[in-house]
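Since the structure comes first, as structure tokens, the remarks are kept for the end.
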Amino acid sequence: MDDLGSNTVALDTANDVAAAALQTDGLGCHAGKERLRSAAEAAGMSETLGQYAKDYPQGPHDQPQSMCPAFGSLRVGLRMRRTAMVLSGSACCVYGLTFTSHFYGAKRTVGYVPFNSETLVTGKLFEDIRDAVHALADPETYDAIVVINLCVPTASGVPLRLLPKEINGVRVIGIDVPGFGVPTHAEAKDVLAGAMLRFARLEAEQGPVQAPRAPRAGKPTISLLGEMFPADPMQIGAMLDLLGLAAGPVTPTREWRELYGALDCAAVAAIHPFYASCVREFESAGRAVVGSAPVGHDGTAAWLEAIGVACNVARETIDAAKNRLLPAIKAALSAAPISGRVTLSGYEGSELLVGRLLVESGADLRYVGTACPRTRFSEAD
């Protein structure tokens, strides 16, 4: 079992197995974040947890009380065509995640590799995951297989990084999304989306890749970062058209080959500001990233300016776009003022955009709460 890496535990006797099993049983979801984190660090996961701490810093209220963060990664994968999702974690966690996923409309099977204390500590769980991935890797059915380690496998150091990167032309992506390392399910979307972007970026650097399903725009595109409603890209695209630009794919994408289209852009609009891993990949590809969004009068003016500058749009074109859009926005806000005190709270990182619009509409906004951290892309808001 040496090929499984240094995280594999060598057990010489039945007594050793029993002792290790008893110890591991204590590392269930009930063990507490600090104990799970300490176990994960001892199992060689310090680098991963350290990166999560940088990407998703926790605020004064610590981790919000919400659903399991891994739901965010699972949801991203289940919304993609030709992508298989496999969970590795405690059965109760897997049940809750699959139930929630199907409650939110998922119509796809979620794979699960079960384990017990013995298979966890002997390394057999990793072998079972590897066997499951090989069994799933049908290029006629899938472009990618995603394996997600939940709390217990992460704390035990199950090394998904040792899975093959590709089997029969099917990509294999392993990520750790522990509740003690990723604060919210919103940020967990970034964990998987960023891992996929990285894989796609490295593929594109090696040579030609499959063209996206949608035809290539005849103008430079702006990739949109963050989940949004179906009408949003069309409305943003209409604004971009005034700048001589077009809306590109939305990340997280709905299909693997859309990732190539997202990377092939003039700039990126970080509509949701907490996608730290995705931003890192876009910037590694040499793409400028612009924060905020075209919301309200002042927000739209600032966003058009920032996008125009990032894409070297002529000054007269930027000013013409503002003159076309801003008077109508100002008139609409004036026609529907909001009076009264408002308290705003949310969890997806766009709360500051809503708050900005409320203030412009005349609301007495005293407090904005969010589960996501402050980033350089939310500074303007």
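Each reported figure results from applying straightforward, stated rules to the coordinates on display, with no laboratory input. Being a predicted model, the structure only gives us computed values, none of them experimental. Using ideal geometry, Cβ is built from the backbone for each residue, glycine included, and neighbour counts are taken over all protein chains shown.
Annotations for the structure displayed:
- Between 0 and 90°, nearest 10: helix 33-42 axis offset from the chain longest Cα axis: 70
- Site pair Tyr95 and Val309 shows an inter-label distance of 5.5 nm when each label is modelled 7 Å from Cα along Cα→Cβ.
- For Arg171, the residues whose modelled amide H falls within less than 5 Å of its own, excluding neighbours fewer than 5 places apart on the same chain, are Ala144, Ile145.
- Mean separation of Cα contacts under 8 Å (6+ apart) over length of the chain, as relative contact order %: 16
- With respect to the chain, whose longest principal axis is taken over its alpha-carbon atoms, helix 231-241 is tilted by about 50°.
- Positive-end residue of His272, Ile236, Gly296, charge dipole of the stretch 213-296 with Cβ unit charges: Ile236
- Most positive-pole-ward Cα, Ile167, Ile145, Thr48, against dipole of the stretch 45-170 from beta carbon charges: Ile145
- Amide H to amide H distances under 5 Å link Val342 with Asp364, Leu365, Arg366, where only residues 5 or more positions off or on other chains count and H is placed in the peptide plane.
- Sequence-distant residues sharing a close amide H with Gly244 (under 5 Å, placed H): none
- Phi-derived couplings, Karplus 6.51 cos²θ - 1.76 cosθ + 1.60 at θ = phi - 60°, listed residue by residue for the stretch 352-359: 5, 5, 5, x, 4, 5, 4, 5 Hz, with x used for Gly and Pro.
- Sequentially through the stretch 192-201, phi angles give Karplus couplings (6.51, -1.76, 1.60; θ = phi - 60°) of 6, 4, x, 5, 5, 4, 4, 4, 5, 4 Hz, Gly and Pro residues having no value and appearing as x.
- For the pair the stretch 197-211 / the stretch 120-181, the C-alpha centres are spaced 21 Å from each other.
- With 30 Å as the limit on Cα-Cα distance, the pairs of Lys33/Lys107; Lys165/Lys219; Lys33/Lys189 that go past it are Lys33/Lys107; Lys165/Lys219.
- Nearest-ten-degree value, helix 124-136 long axis tilted from longest Cα axis of the chain: 60
- Seen from every direction in turn and averaged, the convex hull around the alpha carbons of the stretch 221-336 projects onto 7.1 nm².
- Measuring r between the beta carbons of Ala332 and Leu202 and using R0 = 45 Å, the FRET efficiency lands at 0.50.
- Between Asp128, Asp190, Asp143, the Gaussian network model of the chain with springs among Cα atoms under 10 angstrom shows the greatest mean-square fluctuation at Asp128.
- Residue-wise HN-Hα coupling along the stretch 49-57, computed from phi with Karplus coefficients 6.51, -1.76, 1.60 (Hz; x: Gly, Pro): 5, x, 5, 4, 5, 6, 6, 10, x
- Averaging 1/r over every pair of different alpha carbons in the stretch 24-183 and inverting the result gives a Kirkwood radius of 16.0 Å.
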